[in-house]
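Each reported figure results from applying straightforward, stated rules to the coordinates on display, with no laboratory input. Note that this is a predicted model, so its numbers are computed, not measured. Positions of Cβ are generated from backbone atoms using ideal geometry, with glycine treated the same way; all protein chains shown enter the neighbour counts.
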Amino acid sequence: MGWIRDWKRRRLLERHRVDDARWRRAKKHLPFLAGLSADEERRLKEMAIVFLAEKEFAPVRGVELSEDDRLEIALQACLPILELGLPWYDGWVGIVVHPSDFHVKRTHTDEHGVVHEWDDELAGESWPGGPVVLSWEALDDSGSVAEGGANVVIHEFAHKLDMMTGEADGVPPMPSREARERWLAVFDAEFDRFCAATEAGRKTFLDPYAAEHESEFFAVASEAFFESPNALRKDFPRLYELFRDFYRQDPARRLRA
Ligand SMILES: [Zn+2]
């Protein structure tokens, strides 16, 4: 059935385009889109158009999303998969947008059968096979490199890539066993180094939240890779190289001041 999808996508691209004024507005809000080649820009815009047609936005509790808002979410979601391809986001359709950070009830039954319940306040969340959930408030802050390189869209969509293997463990699908072994060796060493620094109270450039779990380290480092790649490369050069080979992009080169 692949040809039906390809045909639909071609028709879609014949009818829709991102005009120059909208692209300029998006780039102003998302300065990390700078430095793309003309070909990369064209492919990113096309990917975003297909993404917008195939995913479903569900704004809740009074959130209103303009066409520009949707486009900017799509551009940020598609940037990480620019060289990997849209099939990396297959298997789910929903993007839920809350007005502000939202509370999620968690329960966990421990080995003694005791049920623990608590409330998490989240800026975003993604589930295997389920929707991506974003907070509008957090979205509004992202896009500004000056804010410390936080980007809730790239963060949640990085979780989606990680979960392609079934579980969120900081290991996205790898092209070969050798690539997977290299990933585990470098990623785990960099994660341990980061956790040791955080525990010792040393400030690194990455958000200390990344020490929670390998999957959070992957998502937070992915935000940095696209938003503040030169800072990531300086603090974590081996991690930067690993991400460059995985994402098949070199943002530090295109965003060099
Ligand atoms: Zn996360």
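Tabulated data for the structure shown
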read-out	value
Estimated D of the range 173-215 in µm² per second, where Rh is the Kirkwood radius over Cα pairs and Stokes-Einstein applies at 37 °C, 0.692 mPa s	289
Quarter of Cα convex hull surface for the chain, i.e. mean projection, nm²	16.0
Size of electric dipole in the chain: Cβ of Lys, Arg +1 and of Asp, Glu -1, about Cα centre, debye, nearest 20	1500
Most mobile of Lys45, Lys203, Lys55 in a GNM of the chain (Cα contacts under 10 Å)	Lys203
Cut-off under 5 Å, modelled amide H: who pairs with Val96 long-range	Ala58, Val132, Val133, Leu134
Positive-end residue of His108, Phe157, Ala138, charge dipole of the range 62-209 with Cβ unit charges	Phe157
Residue pairs, from the table Lys8/Lys55; Lys203/Lys234; Lys28/Lys203; Lys8/Lys45, whose Cα atoms sit over 23 Å apart	Lys28/Lys203
Using distinct alpha-carbon pairs, which all enter the 1/r mean, Kirkwood radius of the range 68-136 in Å	14.4
Cleavage-rule hits (GluC sites (Glu not before Pro)) in the range 1-71: DSSP loop, at most 12 neighbouring Cβ within 10 angstrom	Glu64
Global form of the range 160-257, assessed from the alpha-carbon gyration tensor, a/c cut-off 1.5	oblate
Peptide ranges 30-39, 246-255 listed from the most packed, as the mean C-beta count within 10 angstrom indicates	246-255, 30-39
Mean separation of Cα contacts under 8 Å (6+ apart) over length of the chain, as relative contact order %	16
Range of Cα positions in the range 68-216 per principal axis (Å), largest first	44, 42, 34
Rg/Rh ratio calculated on Cα atoms of the range 1-137 (Kirkwood radius)	1.06
Largest-first principal axis extents of the Cα set of the range 204-257 (Å)	30, 21, 16
Rounded if a/c under 1.5, otherwise prolate or oblate - the range 25-71, Cα gyration tensor axes	oblate
Distance-filtered residues of the range 57-79 - backbone nitrogen under 19 Å, label point 7 angstrom along Arg42 Cα→Cβ	79
The range 1-118, relative contact order in percent, only Cα pairs under 8 angstrom and at least six apart counted	25
